[in-house]
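J.: My structure is below; once you've seen it, I'll send some questions.
The values are calculated or read from the model by the stated rules, or taken from the named source; none is laboratory data. No experiment lies behind these values; they were computed from the predicted model shown. Reconstructed Cβ throughout: ideal geometry from the backbone, glycine too, with neighbour counts over all protein chains shown.
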Amino acid sequence: MTPFALGQRWLSGSENNLGLGTVTAFDSRTVTLHFPASDETRIYAIAQAPLTRIQFNKGEALKHKEGWQGKVVDIQTMNGLNFYLVENPQGSQIIVQENDISPLISFSSAKDRLFSAQLDRSHHFALRYRTLKHQQAQFQSPLRGLRGIRAGLIPHQLHIAAEVGNRVNPRVLLADEVGLGKTIEAGMILQNQLFAEKVQRVLVIVPESLQHQWLVEMLRRFNLHFSLFDEERCADFADTEENPFISESLIICALDWLVNSPKRAQQALEAGFDCLIVDEAHHLVWSETAPSCAYLCVEQLANKIPSVLLLTATPEQLGQESHFARLRLLDPERFFDYAAFQKEQQHYQPVADAVQSLLMDKPLNEAEKNHIATLLKEQHLDPLFESLASSNTEIQQKARQTLVENLIDRHGTSRVLFRNTRQGVKGFPQRIYHPIRLTAENGTQTEEAKTQWLLDFLKTQRDKKIFVICQRAQTAIYLEQYLREKEGIRAAVFHENMSIIERDRAAAYFADGENGAQVLLSSSIGSEGRNFQFSDTLVLFDLPQNPDLLEQCIGRLDRIGQLQDVQIYVPYVEKSADEVLARWYHEGLNAFEQTAPMGMTLFEQFTEALQKVRSNLTALSDLDNLIADTKQARETLKIALEQGRDRLLELNSNGGEQAKHLANAIAAQDNEAELVNFALNLFDIIGLEQEDLGENSLVLTPTGTMLIPDFPGLKEEGVTVTFDRPLALAREELEFLTWDHPMIRQGIDLIASGDLGKAAMALLINKQLPAGTLLLELIYIVETQSPKGLQLNRFLPPTPIRLLLDNKGNNLAEQVAFDTLHSKLKPLGRDIANKMVKMARPTLEQLFALGEKQIRPLAQASINQAQTLAEQSLSAEINRLQALQKVNKNIRQSEIEILTAQRNQSLEALAKATWRLDSLRVIVTNKE
């Protein structure tokens, strides 16, 4: 006898997206269904039809096709059709025929999917549970938002990112020396804040020449997709009244463009950004009487946008007044009087001297003790001073550490200024300068002499990766052709006229150790933002025209992460203007072999004399005098800079041992088996094709049978990935997978928010249990609904709680571990599983009711624990800031007020936390 009748409602197990279908025709072999929601018709062979009859029970909610929803009171069946007595929202009882049920019905709850025969495989359920556990762990990890960067794990960078990233509306100045990674620090802070959902809309303002550098850095290192805004982009909105800055959340634009277009500046001001980043902020000219237009433009934005990061030169390079101007952008209420600021800074110099004695394990003299006592006047310091004189080394060191930590907390600008120096960070390689003095004979031009030298040089360096920087793109293009045609030398070209994808390919070709290019020929502009630490040989085919540009070029190789000494070759023709410049750079500034933070100051001081010598090459004695004067001025500046070093600030900026522990913790998670196993299992079950390439990399390719058609980050042509950080740094075309990578994070979100694995059934072979014994595995989620900015996932992320009920309702979850049970389960055929569910429904309903009773105390315990943790954590931070505010003016009252409000809102939201059944697995036993 056929189970079908005209007008019945059935669901397609293979095409849930069609909605609820209606039987329109059937015979002995086939059945035809029309799906009104999608206006599709399907004909199925009755013997293999993937169809489930949809019937409602008393007490269940039923949705009418007119949109209202009611509760089923009674059911009558006539000629194979169900007629439901339903209580509507007005309280009236009306009869609803099957044909009147909404076709948009969906069965997304675990119970609905179980009883509507939408069963997944047992290993889908296992993937879902493990995904939920990983999601919980990642939300609570202190490393979240820090470990996903494609860069080396540099302690001082991680320290700054963690310290600033955890603040509410941070407003700081990043003023590290060149080569220490200010852009990376800003990106890490931003990523930390984005992960914590403290910010959503970001505006990055940079010099026009650095726009692509930022775009590339944010995408390549952080997987952050920024948009470049200029007048052409905004002109697309000319026919609308829409503010173009509202169309994207992450925007990069040029400072000059905003300054020269008051309309665009006003639109940016009104666009509701919550984070502002300004690079090269030392170029914002300010004085008390005449601030520049650029400064005023940024000031307007900084006054309105809550979070501000300024990337700038070191305070020593800026000068005190310019440094004060940057601080004034961050906190105009605190930094309003330049004279008072100067006086305050002078007060800290003796304290910095005392700190230097503490750090070098020297005894403190009376003057140093008095300075420390003045700053820490609220503390009784005699016991600490006595401990410094103890013969017990451990007691002595503990006292030194306590004093230094207390001084850091009270330092004038330590919360708003971070500045690391190469001298403080250490670990940099040597720079070795090789001047190549060429002779232009028989009418040979300068370019020809340098080109021939380069060809001969490359022939002797076949096993080296050589990075060559030219001034112009045309030179790089010409050299590539010349080297290829003359000697078959493989070279990649890199310049500003190439697209980002073309530059990516060129960089990958250069990075390839086996079949890649021997040399990368780059224009000076084209190389901005790209670092090639795997190369240790730099050829400056054309000399940069000022010390800052020279440092940027050398900085492509001489950066944190460079493992070899950097060899710098500078070819120039004798008695040329380039020889004058090379000698002045080397003998006057020592700019090739050391960084020269005072380089631009000296360049501005001596530029007129330098140009005079370069244009009159017959008076080389003038060059010797110029070099001597430059060296003397450099030594004077160097002494002043060294005396002015704020070691207390440096200590606060580099993070010390705590920063090293942070780097080690992240390194321990790189390439960990737990991440690799989860990711490969996720990709396998989703249906991605995986090809192991060896060398810790594999290719992921989409297939036509994927459970999720559009998997995040997966391109149509596939993507090559690695879990290995060093390999990802060497080969930029690889995606570096960590727990923070979008493919992993969004993969977790897809599983956790989707239906895959919500309901499953499996067979357990166990000779000790009677055949047909039922076990019900229930996964509940404890969660809270709250504004994103509260970050309640720190305290109560979506938390899975597992119950394993036997047929008497006993919870066996503690005795039977998930992985142990899962490893013993076998699959059940869909038809058999569906029949068993129907037969066991009364028993299962009883177990569901028992599960609801048993989950309550377990869920409440999780909620109580989260409330306690939130109270302790947030109150401790508020109390710390309130205590510091009494001795450090840089603690903003607004920061304390925001934290206090967040604590109250957090505790209120946690008190309203709820739990729900997320997924289930029915297990039936058999003897064999």
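J.: Give me a count of the residues in segment 200-218 that are surrounded by fewer than 18 Cβ atoms within 10 Å (Cβ to Cβ) and in contact (Cβ under 8 Å) with a residue 60 or more places away in the chain. Explain how you work it out, then say what you get.
T.: Pass one, segment 200-218, residues surrounded by fewer than 18 Cβ atoms within 10 Å (Cβ to Cβ): 200-201, 207-209.
Checking which are in contact (Cβ under 8 Å) with a residue 60 or more places away in the chain leaves us with 200-201, 207, 209.
Total meeting the criteria: 4.
J.: Restricting attention to segment 445-460, report how many residues are in a loop (DSSP other than H, G, I, E, B) and surrounded by 15 or more Cβ atoms within 10 Å (Cβ to Cβ). Even if it seems obvious, please write down each step before you answer.
T.: To start, the set of residues in segment 445-460 that are in a loop (DSSP other than H, G, I, E, B) comprises 445, 460.
In the following step, the residues that additionally are surrounded by 15 or more Cβ atoms within 10 Å (Cβ to Cβ) were identified as none.
Summing the residues that are in a loop (DSSP other than H, G, I, E, B) and surrounded by 15 or more Cβ atoms within 10 Å (Cβ to Cβ) in segment 445-460 gives 0.
J.: A further question follows. Of the conditions (1) at pLDDT below 90; (2) closer than 17 Å to Tyr433 by Cβ; (3) part of a helix (DSSP H, G or I), Arg556 fails just one. Which one is it?
T.: The one condition Arg556 does not meet is (3).
J.: Given the structure, is Ile252 more than 30 Å from Asn671 (Cα to Cα), hydrophobic (A, V, I, L, M, F, W, C) and in contact (Cβ under 8 Å) with a residue 40 or more places away in the chain?
T.: On the way: more than 30 Å from Asn671 (Cα to Cα): yes; hydrophobic (A, V, I, L, M, F, W, C): yes; in contact (Cβ under 8 Å) with a residue 40 or more places away in the chain: yes.
So Ile252 passes the test.
Residues are listed down the side, and each one gets a yes or a no for (1) at positive phi; (2) more than 11 Å from the chain's Cα centre (by Cα); (3) in a loop (DSSP other than H, G, I, E, B):
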| site | (1), (2), (3) |
| --- | --- |
| Phe139 | no, yes, no |
| Ile149 | no, no, yes |
| Leu153 | no, yes, yes |
| Gln157 | no, yes, no |
| Ile160 | no, yes, no |
| Val178 | no, yes, yes |
| Thr183 | no, yes, no |
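J.: Something else now. Could you list, in sequence order, the residues of segment 548-570 that are over 29 Å from the mean Cα position of the chain (by Cα) and either crowded, with 22+ Cβ neighbours inside 10 Å or of a type in the set (Val, Ile, Thr) (or both)?
T.: Answer for segment 548-570, where residues must be over 29 Å from the mean Cα position of the chain (by Cα) and either crowded, with 22+ Cβ neighbours inside 10 Å or of a type in the set (Val, Ile, Thr) (or both): Leu550, Val566, Ile568, Val570.
J.: Given the structure, is Glu732 over 30 Å from Lys808 (Cα atoms), in a loop (DSSP other than H, G, I, E, B) and touching a residue at least 60 places away in the same chain (Cβ under 8 Å)?
T.: Values: over 30 Å from Lys808 (Cα atoms): yes; in a loop (DSSP other than H, G, I, E, B): yes; touching a residue at least 60 places away in the same chain (Cβ under 8 Å): yes.
Yes, satisfied.
J.: Taking into account only those residues within segment 584-628 that are of a type in the set (Asp, Glu) and over 30 Å from Leu180 (Cα atoms), which is surrounded by the most Cβ atoms within 10 Å (Cβ to Cβ)?
T.: So in segment 584-628, the residues of a type in the set (Asp, Glu) come out as 587, 593, 604, 608, 622, 624.
Among the residues that remain, those that are also over 30 Å from Leu180 (Cα atoms) are: 608, 622, 624.
On the way: Glu608: 8, Asp622: 15, Asp624: 12.
This residue is Asp622.
Conditions (1) more than 28 Å from Phe606 (Cα to Cα); (2) surrounded by 18 or more Cβ atoms within 10 Å (Cβ to Cβ), marked per residue:
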| site | (1), (2) |
| --- | --- |
| Arg484 | yes, no |
| Ile489 | yes, yes |
| Phe494 | yes, yes |
| Ala517 | yes, yes |
| Ser524 | no, yes |
| Asn546 | no, no |
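J.: Ala196 - would you say it is under 29 Å from Asp558 (Cα atoms), outside the structural domain of Arg892 (by TED's automatic domain parsing) and hydrophobic (A, V, I, L, M, F, W, C)?
T.: Numbers: under 29 Å from Asp558 (Cα atoms): no; outside the structural domain of Arg892 (by TED's automatic domain parsing): yes; hydrophobic (A, V, I, L, M, F, W, C): yes.
It is false that Ala196 is under 29 Å from Asp558 (Cα atoms), outside the structural domain of Arg892 (by TED's automatic domain parsing) and hydrophobic (A, V, I, L, M, F, W, C).
J.: Filter segment 207-238 down to the residues that are part of a helix (DSSP H, G or I) and of a type in the set (A, V, I, L, M), then identify the one that is modelled with the lowest pLDDT.
T.: Step one: list which residues in segment 207-238 are part of a helix (DSSP H, G or I), which gives 208-222, 231-235.
Still in the running and of a type in the set (A, V, I, L, M): 210, 215-216, 218-219, 235.
On the way: Leu210: 80, Leu215: 90, Val216: 84, Met218: 94, Leu219: 92, Ala235: 89.
Looking at residues that are part of a helix (DSSP H, G or I) and of a type in the set (A, V, I, L, M), I get Leu210.
J.: Same structure again: Suppose the filter is crowded, with 18+ Cβ neighbours inside 10 Å and of a type outside the set (Lys, Arg); does Ile101 pass it?
T.: Numbers: crowded, with 18+ Cβ neighbours inside 10 Å: yes; of a type outside the set (Lys, Arg): yes.
Yes; evaluated as a whole, the condition is true for this residue.
J.: Hey, can you tell me all the residues within segment 239-253 that are farther than 21 Å from Met188 by Cβ and assigned to a loop (DSSP other than H, G, I, E, B)? Walk me through how you get there before you give the answer.
T.: Restricting attention to segment 239-253, the residues satisfying the condition of being farther than 21 Å from Met188 by Cβ are 239-248, 253.
Across segment 239-253, the qualifying residues are Asp239, Thr240, Glu241, Glu242, Asn243, Ser247, Glu248.
J.: Within segment 41-56, work out how many residues are among the hydroxyl-bearing types (Ser, Thr, Tyr) and over 46 Å from the mean Cα position of the chain (by Cα).
T.: Here is the first cut: in segment 41-56, the ones among the hydroxyl-bearing types (Ser, Thr, Tyr) are 41, 44, 52.
Now narrow it down to the ones that are over 46 Å from the mean Cα position of the chain (by Cα): 41, 44.
Count: 2.
J.: Just to verify a result, which residue in segment 499-515, among those that are among the acidic types (Asp, Glu) and part of a helix (DSSP H, G or I), is surrounded by the most Cβ atoms within 10 Å (Cβ to Cβ)? Don't jump to the end; show me each part of the working.
T.: Restricting attention to segment 499-515, the residues satisfying the condition of being among the acidic types (Asp, Glu) are 502, 504, 512, 514.
The next check asks that each one be part of a helix (DSSP H, G or I); those that pass are 502, 504.
Numbers: Glu502: 13, Asp504: 16.
Only one residue fits best here, namely Asp504.
J.: Does Asn807 meet the test of being assigned by TED's automatic domain parsing to the domain that holds Gln867 and within 30 Å of Ala870 (Cβ to Cβ)?
T.: Working: assigned by TED's automatic domain parsing to the domain that holds Gln867: yes; within 30 Å of Ala870 (Cβ to Cβ): no.
When the stated conditions are applied, Asn807 does not pass them.
J.: Of all residues being in contact with a Ser or Thr (Cβ under 9 Å, 6 or more places away or on another chain) and free of Cβ contacts under 8 Å to residues at least 40 places away in the same chain in segment 497-524, which is nearest to Gln545 (Cα to Cα)? Just the residue, please.
T.: Asn497
J.: Take Ala473 and decide whether it is buried (at least 20 other Cβ atoms within 10 Å of the Cβ), touching a His at 6+ places or on another chain (Cβ under 9 Å) and under 25 Å from Val178 (Cβ atoms). Walk me through how you get there before you give the answer.
T.: Values: buried (at least 20 other Cβ atoms within 10 Å of the Cβ): yes; touching a His at 6+ places or on another chain (Cβ under 9 Å): yes; under 25 Å from Val178 (Cβ atoms): yes.
Yes; evaluated as a whole, the condition is true for this residue.
J.: Only one of (1) over 17 Å from the mean Cα position of the chain (by Cα); (2) under 17 Å from Val308 (Cα atoms) is not met by Ala235, so which one is it?
T.: Going through (1) over 17 Å from the mean Cα position of the chain (by Cα); (2) under 17 Å from Val308 (Cα atoms) one by one, Ala235 breaks only (2).
J.: In the set Thr738, Thr703, which member is among the β-branched types (Val, Ile, Thr), assigned to a loop (DSSP other than H, G, I, E, B) and without any contact (Cβ under 8 Å) to a residue 40 or more places away in the chain?
T.: Values: Thr738 fails: without any contact (Cβ under 8 Å) to a residue 40 or more places away in the chain.
The unique qualifying residue is Thr703.
J.: Ok, one more. Please count how many residues of segment 747-768 are within 19 Å of Gln118 (Cβ to Cβ), surrounded by fewer than 19 Cβ atoms within 10 Å (Cβ to Cβ) and not hydrophobic (A, V, I, L, M, F, W, C).
T.: Qualifying residue count for the region: 2.
J.: Under the condition of being hydroxyl-bearing (Ser, Thr, Tyr) and at pLDDT 90 or above, which residue from segment 1-51 is nearest to Phe107 (Cα to Cα)?
T.: Initial filter on segment 1-51 (hydroxyl-bearing (Ser, Thr, Tyr)): 2, 12, 14, 22, 24, 28, 30, 32, 38, 41, 44.
Checking which are at pLDDT 90 or above leaves us with 22, 24, 30, 32, 41, 44.
On the way: Thr22: 17, Thr24: 23, Thr30: 25, Thr32: 22, Thr41: 21, Tyr44: 22 Å.
Checking each candidate, the answer is Thr22.
J.: Something else about it: Inspect all residues belonging to segment 807-821 and state whether any of them is without any contact (Cβ under 8 Å) to a residue 60 or more places away in the chain, over 30 Å from Gln140 (Cα atoms) and surrounded by 15 or more Cβ atoms within 10 Å (Cβ to Cβ).
T.: yes
J.: Among (1) in a loop (DSSP other than H, G, I, E, B); (2) under 22 Å from Pro842 (Cα atoms), there is one condition Thr52 misses while meeting the rest; what is its number?
T.: Going through the list (1) in a loop (DSSP other than H, G, I, E, B); (2) under 22 Å from Pro842 (Cα atoms), Thr52 breaks only (1).
J.: Do we have any residue at all in segment 109-131 that's surrounded by fewer than 20 Cβ atoms within 10 Å (Cβ to Cβ), without any contact (Cβ under 8 Å) to a residue 40 or more places away in the chain and either among the hydroxyl-bearing types (Ser, Thr, Tyr) or touching a Pro at 6+ places or on another chain (Cβ under 6 Å) (or both)?
T.: The answer is no; no qualifying residue exists.
J.: Residues that are at pLDDT 95 or above, at least 2 per element: which helices (runs of 4 or more DSSP H) completely within segment 271-333 meet that? Walk me through it before giving the result.
T.: Working: elements: 293-304, 315-318, 320-330.
Once the helices (runs of 4 or more DSSP H) in segment 271-333 are filtered for at least 2 residues that are at pLDDT 95 or above, what remains is 293-304.
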